[in-house]
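Working notes for the structure below.
Read-outs: derived from the displayed coordinates by stated rules, not from any lab. Here the structure is a predicted model, which is why all the values come from computation and not from measurement. As a convention, Cβ positions derive from the backbone with ideal geometry for all residues, glycine included, and neighbour counts pool all protein chains shown.
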Amino acid sequence: MYRINLYPEYHLARRDQRRRARQTAVVTALLGVELLLVGALVLSDATLRQRIGAVSAELPGLQVSLAQNGDPCPGFSTAQRLAELLESRVVWAPKLAALADRGGRRLEFTSVSGRLEGNGRGALLTIAGACKDDGGLTEVRRFVAALRSDARVGQDLPEVALGNLEGERETEFEVRCRRRGGEQP
């Protein structure tokens, strides 16, 4: 004969036991997937480091071979000159965005000009403006300090200097951001 337990506590206990078993299965499955992902990351990191090491070991030999053999293909010297031009170029859009972000409401820019200098490796960004509020010198100094700390400007133009200041109530200023001709970006 079969024994049947019709008490409600028995059904509640069985339901709780099944729910805990399902929760345990889900957590175990998630942990397994996470362990697989971590293992894949470790494996790909090791493979990438191995490839970087192999390429780094080959670079000196390739440089010697290039020096001995000259141009490996007809367009190589042109490509090399283009790469040098790309390294020395200045992208002006992030610098102008930094001016807009760092200027504040008390500063008014009257002119902004950017140009390349010398052999194309030097660059100069000149910002002229005015601060009409009292304490304008403090605001201008804050602006210069903000430009110096901004990576968008400092990446290509590491020298940020305050030019001239004029006026009594209206503080006119000029800020020069420069990269000397011999520096690399």
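On full extension of the chain, what length is gained from residue 35 through residue 111, given 0.36 nm per residue of separation minus the C-alpha to C-alpha distance?
Details: separation 76, 0.36 × 76 = 27.36 nm, distance 5.78 nm.
Length difference between fully extended and current span is 21.6 nm.
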So, relative contact order of the chain in percent, Cα under 8 Å, 6 or more apart, is 17
In debye to the nearest 20, the charge dipole size for the chain, taken about the Cα centre with +1 at each Lys and Arg Cβ and -1 at each Asp and Glu Cβ, equals 1300
Nearest-0.05 FRET efficiency for residue 49 and residue 76 at R0 = 41 Å, using Cβ-Cβ distance, is 0.90
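How would 131, 73, 177 line up from fewest to most surrounding beta-carbon atoms within 10 angstrom? Could the numbers behind the result be given before it?
Values: 131 22, 73 7, 177 25.
The most exposed by this proxy come first: 73, 131, 177.
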FRET efficiency for residue 151 and residue 24 from the Cβ-Cβ distance with R0 = 45 Å, rounded to 0.05, comes out at 0.40
In degrees, nearest 10, the alpha-carbon axis of helix 92-102 is tilted away from the dominant principal axis of the alpha carbons of the chain by 80
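Please identify every one of the trypsin sites (Lys or Arg not before Pro) in the range 88-151 that sits in a loop by DSSP and has no more than 14 other beta carbons within 10 Å of its own beta carbon. Don't skip to the end; give the middle numbers.
Details: sites: 89, 95, 102, 105, 106, 115, 121, 132, 141, 142, 148; in loops: 89, 105, 106, 121, 132.
Sparse-neighbourhood loop trypsin sites (Lys or Arg not before Pro): 89, 105, 132.
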Residue-ordered couplings for the range 55-62, obtained by feeding phi - 60° into the Karplus form 6.51 cos²θ - 1.76 cosθ + 1.60 and rounding to whole Hz (Gly and Pro as x), are 5, 4, 5, 7, 4, x, x, 5
Note, the range 107-115: 3J(HN,Hα) by Karplus (6.51, -1.76, 1.60, θ = phi - 60°), whole Hz, Gly/Pro = x, goes 9, 10, 7, 9, 7, 9, 9, x, 7
A chain fully extended from residue 57 to residue 69 at 0.36 nm per residue, minus the present Cα-Cα distance, gains in nm 2.4 nm
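Can you put 139, 117 in order, fewest other beta carbons within 10 Å first? Can you show the working numbers first?
Numbers: 139 20, 117 13.
Least to most surrounded, the residues fall as 117, 139.
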